[in-house]
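Working notes for the structure below.
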Amino acid sequence: MNLAELLTHAKWEIVHTEHLPAKPARCVSFDDLPLGAAAQAFLHRRFPAGIYAHQKLAIQLALQSKNVCLTTGTASGKSLAFFLAGIEALTQSPDAKIIALYPMRALGKEQEERWAAALQESGLDATVGRIDGRVLMPERLEILQHSRVLILTPDVMHAWMLTQLSAQPVRDFLRQLELIVVDEVHSYTGIFGSNSAFLFRRLRHILQLLAAAPQFVCASATLAESKSHLAKLFGVDFEIIDSSHDSSPRQPIQIDLIRPPAGRDLLNEFSALLSALAEEKSQRFIAFVDNRKQTELIASIAGREKKSVRSEAAAPEQEEPVLKWDHLKRSHILPYRAGYEEQDRATIQARLTDGSLTGVVSTSALELGLDIPYLAAGILFGVPYSATSFYQRIGRIGRHAPGHVAIVSRETVYDQQLFANPSALLSRPLAEDALYLENERLQYIHALCLARRGGEHDQIVAAENLAGREDFASTIDWPEGFLALCEKERKGEIPTVLQVMKGEAGDDPNHVFPLRDVEAQFKVQERLMGRGRNLGEISHAQLMREAYPGAIYYYTARPYRVIRVNTRRREVHLRHHQKKYTTSPVRLPVLIFPDLAPGRIYQAKSYGELTCVECHLQVREALSGYAEQRGPNRINVAYPADAEATGVHFDQSRFSRNYLTTGAILAHPALNENRFEAELIAAALFEAFLMIVPYERRDAGFAADKFRLAQAQLNAQNGARFIAIYDQTYGSLRLTSRLMSDAILRATISTAIEICSLGEATEAKEKTISVLKQLLAEIAHDPITHFIQPEEEKRPDKNLIPILLPGSKGLAMHNGNTEFEVEEIIFDAISRRLSYRGRYVDERYANETTKIILPVEGLIEVPGDSTPGYYDLETGGIIKRE
């Protein structure tokens with residue numbers, strides 16, 4: 001049976017069906033293009049009937065030395081522009097070099113083969129090389145020296161190539177660089193995209209020093225503002241070739257919106273559907289889910305053999321007899337996500353491409369251009385958050401024959417809203433530009449890489465004997481504040497808040513700070529007889545969701561218990577778990593500490609009694625334990641863990657993360673009536689905001705909290721409640737600043753009312769809708785903008801040093817922003833610095849008299865929770881700050 005027959009057989013409800021019609025190909029002649037003999041030979045061999053119109057336009061613009069980006073559909077042949085621009089560059093100059101960047105290692109091998117085939121068909125004798133994490137360090141320079149086309153990921157360029165500028169082969173290759181190809185440009189978003197924007201500028205700065213000025217040719221899915229995105233990402237202008245020029249063919253696709261049979265468990269029914277599809281082997285399929293944990297869990301359940309997956313929930317504490325060590329080579333269904341070790345990723349990828357894997361459960365990682373032959377069916381677990389993601393996912397299906405896509409409702413408010421209005425499926429908004437280049441932490445990572453003493457700039461200047469260039473200066477179009485930060489780094493005058501990063505980076509910031517985060521990663525290891533087997537890396541945010549102490553962490557569908565988390569060494573230790581349990585964190589309410597001091601507010605406005613402020617925030621996320629599902633039984637485990645009973649070594653009462661970011665806070669008297677309603681309103685506004693501005697869910701968060709001090713500028717008393725929609729990136733990308741737009745705020749509140757109106761009416765829903773309608777009515781008032789100017793702190797006396805008073809709590813920067821309680825102010829004789837003596841709030845010591853000493857400048861004030869003051873250097877007295 002195929003997917004359609006299985007849905008009928010298992011009694012899934014088909015709520016709505018859409019049909020994307022087939023589109024015929026329209027080819028045009030390339031004979032009038034002023035191409036060299038090699039390019040003409042390649043085209044005549046591979047495309048004797050002609051090429052598509054968008055391909056021809058891209059080649060015409062590239063031949064005019066323009067920077068070009070194609071944003072046509074999936075499988076529309078965008079790579080042809082890369083190959084032809086490359087063949088022309090190699091033909092024009094015998095020394096020309098090309099770098100082709102692909103955002104995932106998974107794409108590298110496939111693209112290496114395609115480049116080699118294109119060059120061979122053109123008749124050019126040019127070697128294509130590829131450097132990724134599997135290539136040993138001694139071999140990399142040799143590959144570089146023998147290659148004219150080099151396949152890289154941005155990560156390798158950042159962590160290897162730009163650290164090797166003292167090596168002559170690296171400089172020679174870059175000096176002769178004529179073309180830079182960048183594929184999947186739409187994936188350069190959020191943290192990865194913002195870091196890459198600095199990487200591309202660092203590369204351009206280095207190339208300027210080497211007197212090289214290569215052309216860019218890129219490809220991307222369609223974004224809301226492609227031209228703006230490209231300008232922010234690369235700092236140069238591009239010619240855009242969009243879908244209006246696309247003349248490539250398309251197979252028809254049927255899209256069904258579906259729900260599981262009434263009364264059945266969604267996760268088990270979905271897994272059973274995948275398992276049945278794999279057993280039938282009538283169609284190769286891909287299932288998309290929205291997070292790593294779901295990917296692993298669904299693949300684990302669906303991939304089990306000799307057992308009905310529908311009985312999973314009822315099976316009490318079963319052993320794990322099926323998933324043996326060779327499961328990556330045996331299973332018919334496997335997970336796929338970022339963060340796998342190279343060997344494991346390569347095994348899954350090989351089975352995808354050779355056709356031996358019937359189905360794959362993937363995050364957005366497989367939205368990108370890896371070719372998976374003959375996928376006939378796609379199952380989407382939930383509605384994608386943007387049209388860009390939706391079309392990328394369904395574009396994997398039916399490339400060679402008609403395709404079938406089923407979208408499963410998870411019964412979230414997001415899915416419910418779309419299922420209630422299915423005609424909106426094909427008219428949803430495109431993904432927004434999510435680059436923010438003013439994040440100081442992010443800027444400092446690249447200032448360290450480029451401008452520190454002995455960094456990339458100095459390496460080039462010294463190796464090339466560039467007299468007069470010793471002092472750092474750059475004509476590249478850098479984001480505001482970056483050059484000033486570079487200057488401070490070279491003078492040793494960096495702000496205290498960045499000194500922790502400098503200490504972490506040492507002489508190797510390119511490795512300590514990867515492109516895909518602004519914090520150092522946690523290494524995940526399986527512990528075997530005192531030794532570690534690497535199982536990838538995760539971010540701090542992922543740690544809180546997936547790998548907290550006691551969690552069951554799945555890796556390639558195998559379960560492991562998290563037995564220890566060392567936040568200082570940034571390590572997660574696992575032990576293989578024989579039972580197929582699942583865990584979920586027990587979360588405490590998120591605490592939000594708005595920093596409303598002058599200079600910490602970006603914008604503020606009021607509509608009647610509704611006040612909206614975008615400002616700096618401190619966010620505290622905390623877990624008090626975890627819930628473990630053992631078959632039909634649910635076990636709650638509270639921290640601190642009993643190591644003897646659980647094998648989990650964690651002796652604190654909560655597992656927490658404190659970070660600095662920005663967000664929009666909304667305050668209104670109606671929010672003070674009921675805390676529960678405020679939390680419901682916050683959740684509804686968050687869901688509505690993501691429908692209006694389709695950012696990735698992992699990039700933003702929400703909370704309902706209260707002011708801990710009276711806020712005169714907000715007309716709010718101590719204890720007044722507010723709602724926060726905030727960035728979850730450390731340092732912020734200011735994505736949630738979009739909520740401050742009058743139109744978006746109005747649309748967000750209106751959509752939140754629609755969300756709360758879905759389904760059965762309840763008293764809580766009615767109260768929530770009532771408050772939201774009050775907020776919407778306030779928007780009818782003309783907004784009053786409040787201008788709050790930055791101001792210098794005015795100390796009464798230069799001998800008064802700002803401190804936190806004893807009894808206050810602050811965040812210890814040098815220990816991952818751990819909460820610290822100040823007990824007294826001392827002058828530390830060892831460090832000869834004014835310091836705090838106190839203790840970490842969450843740590844329990846066998847010796848209760850143990851105290852920690854921290855320098856005064858190493859503790860961050862928690863707005864509204866800390867009591868600031870001054871220490872008088874002359875008298876030793878302490879004064880409360882007014």
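The values are calculated or read from the model by the stated rules, or taken from the named source; none is laboratory data. The structure displayed is predicted, hence computed values, not measured ones. Backbone-built Cβ (ideal geometry, glycine too); neighbour counts: all protein chains shown. SASA here: full protein model, heavy atoms, side chains in, ligands and nucleic acids out. Shrake-Rupley method; radii C 1.70, N 1.55, O 1.52, S 1.80 Å.
Brief remarks on what is shown
- Leu430 assigned to a loop (DSSP other than H, G, I, E, B), at pLDDT 90 or above and closer than 30 Å to Arg202 by Cα: no
- Scan of region 501-535 for residues that are of a type in the set (A, V, I, L, M, F, W, C) and either under 18 Å from Met813 (Cα atoms) or modelled with pLDDT of 85 or more (or both), ordered by number: Met501, Ala505, Val512, Phe513, Leu515, Val518, Ala520, Phe522, Val524, Leu535
- Residue tally, condition in a strand (DSSP E or B) and in contact with a Ser or Thr (Cβ under 8 Å, 6 or more places away or on another chain), over region 519-547: 1
- For region 765-782, filtered to residues that are open to solvent by 30 Å² or more (accessible area, probe 1.4 Å) and either in a helix (DSSP H, G or I) or within 25 Å of Phe419 (Cα to Cα) (or both), the residue that is modelled with the lowest pLDDT is Lys765.
- Residue, nearest to Val185 (Cα to Cα), within region 369-385, restricted to residues that are open to solvent by less than 20 Å² (accessible area, probe 1.4 Å) and at pLDDT below 90: Leu370
- Residue check for Gly506: surrounded by fewer than 17 Cβ atoms within 10 Å (Cβ to Cβ) and either more than 29 Å from Tyr188 (Cβ to Cβ) or of a type outside the set (Val, Ile, Thr) (or both): yes
- Lone unmet requirement of (1) within 24 Å of Arg428 (Cβ to Cβ); (2) hydrophobic (A, V, I, L, M, F, W, C); (3) modelled with pLDDT of 90 or more for Leu366: (3)
- Residues (in a helix (DSSP H, G or I) and either closer than 21 Å to Thr661 by Cα or out of contact with any His (no Cβ under 8 Å at 6 or more places or on another chain) (or both)) located in region 439-455: Glu440, Arg441, Leu442, Gln443, Tyr444, Ile445, His446, Ala447, Leu448
- Leading residue by the ranking (nearest to Ser243 (Cα to Cα)) among those in region 11-51 that are among the aliphatic types (A, V, I, L, M), assigned to a loop (DSSP other than H, G, I, E, B) and open to solvent by 20 Å² or more (accessible area, probe 1.4 Å): Ala25
- Within region 647-675, considering residues that are in a helix (DSSP H, G or I) and out of contact with any Lys or Arg (no Cβ under 9 Å at 6 or more places or on another chain), the one most open to solvent (accessible area, probe 1.4 Å): Pro669
- The lone criterion from (1) touching a Leu at 6+ places or on another chain (Cβ under 6 Å); (2) without any contact (Cβ under 8 Å) to a residue 40 or more places away in the chain left unmet by Ala211 is number (1).
- Screening Tyr695 against (1) modelled with pLDDT under 95; (2) part of a helix (DSSP H, G or I) leaves a single unmet condition, (2).
- Looking across region 707-722, the residues that are surrounded by fewer than 24 Cβ atoms within 10 Å (Cβ to Cβ) and hydrophobic (A, V, I, L, M, F, W, C) come down to Phe707, Leu709, Ala710, Ala712, Leu714, Ala716, Ala720.
- Selected residue [touching a Lys or Arg at 6+ places or on another chain (Cβ under 8 Å) and either without any contact (Cβ under 8 Å) to a residue 12 or more places away in the chain or buried (at least 20 other Cβ atoms within 10 Å of the Cβ) (or both)] from Val562, Val518: Val518
- Test: residue in region 81-104 that is part of a helix (DSSP H, G or I), in contact with a Lys or Arg (Cβ under 9 Å, 6 or more places away or on another chain) and modelled with pLDDT under 95: no
- Unmet criterion (only one of (1) at pLDDT below 95; (2) open to solvent by 30 Å² or more (accessible area, probe 1.4 Å); (3) of a type in the set (Asp, Glu)) for Glu110: (2)
- Evaluating Gly625 against the criteria (1) open to solvent by 10 Å² or more (accessible area, probe 1.4 Å); (2) out of contact with any Ser or Thr (no Cβ under 7 Å at 6 or more places or on another chain); (3) farther than 30 Å from His781 by Cα; (4) not hydroxyl-bearing (Ser, Thr, Tyr) leaves one unmet condition, (1).
- Just one of the listed residues (Arg134, Arg130, Arg140, Arg171) is surrounded by fewer than 22 Cβ atoms within 10 Å (Cβ to Cβ), among the charged types (D, E, K, R) and farther than 20 Å from Glu456 by Cβ, namely Arg134.
- In region 813-825, the residue that is farthest from Gly876 (Cα to Cα) out of those that are open to solvent by less than 30 Å² (accessible area, probe 1.4 Å) and either touching an Asp or Glu at 6+ places or on another chain (Cβ under 8 Å) or at pLDDT 90 or above (or both) is Glu819.
- Hey, Arg410 open to solvent by 10 Å² or more (accessible area, probe 1.4 Å), assigned to a loop (DSSP other than H, G, I, E, B), in contact (Cβ under 8 Å) with a residue 24 or more places away in the chain and over 19 Å from Ser248 (Cα atoms) or not: yes
- Consider region 566-601 and keep the residues that are within 30 Å of Met529 (Cα to Cα), β-branched (Val, Ile, Thr) and open to solvent by 20 Å² or more (accessible area, probe 1.4 Å). The one that is nearest to the chain's Cα centre (by Cα) is Thr567.
- Matching residues, region 696-706, being in contact with a strand residue (DSSP E or B) (Cβ under 6 Å, 6 or more places away or on another chain), open to solvent by 40 Å² or more (accessible area, probe 1.4 Å) and either aromatic (Phe, Trp, Tyr) or farther than 12 Å from Pro594 by Cα (or both): Phe702
- Which listed residue is open to solvent by 60 Å² or more (accessible area, probe 1.4 Å), farther than 30 Å from Pro868 by Cβ, assigned to a loop (DSSP other than H, G, I, E, B) and of a type outside the set (S, T, N, Q), from Ala761, Ala743: Ala761
- Near pairs, Cβ below 8 angstrom, 6+ apart or cross-chain, from region 633-646 (more than 13 Å from Val586 (Cα to Cα) and open to solvent by less than 60 Å² (accessible area, probe 1.4 Å)) to any residue that is at pLDDT 90 or above and among the β-branched types (Val, Ile, Thr): Ala641/Val648; Thr646/Val637
- Which listed residue, of Lys66, Lys78, Lys97, is within 28 Å of His400 (Cα to Cα), touching a residue at least 12 places away in the same chain (Cβ under 8 Å) and of a type outside the set (A, V, I, L, M, F, W, C): Lys78
- In region 710-755, the residue that is farthest from Val590 (Cα to Cα) out of those that are of a type in the set (D, E, K, R), modelled with pLDDT under 95 and touching a strand residue (DSSP E or B) at 6+ places or on another chain (Cβ under 7 Å) is Arg734.
- Test: His9 is in contact with a His (Cβ under 6 Å, 6 or more places away or on another chain) and on the phi < 0 side of the Ramachandran plot: no
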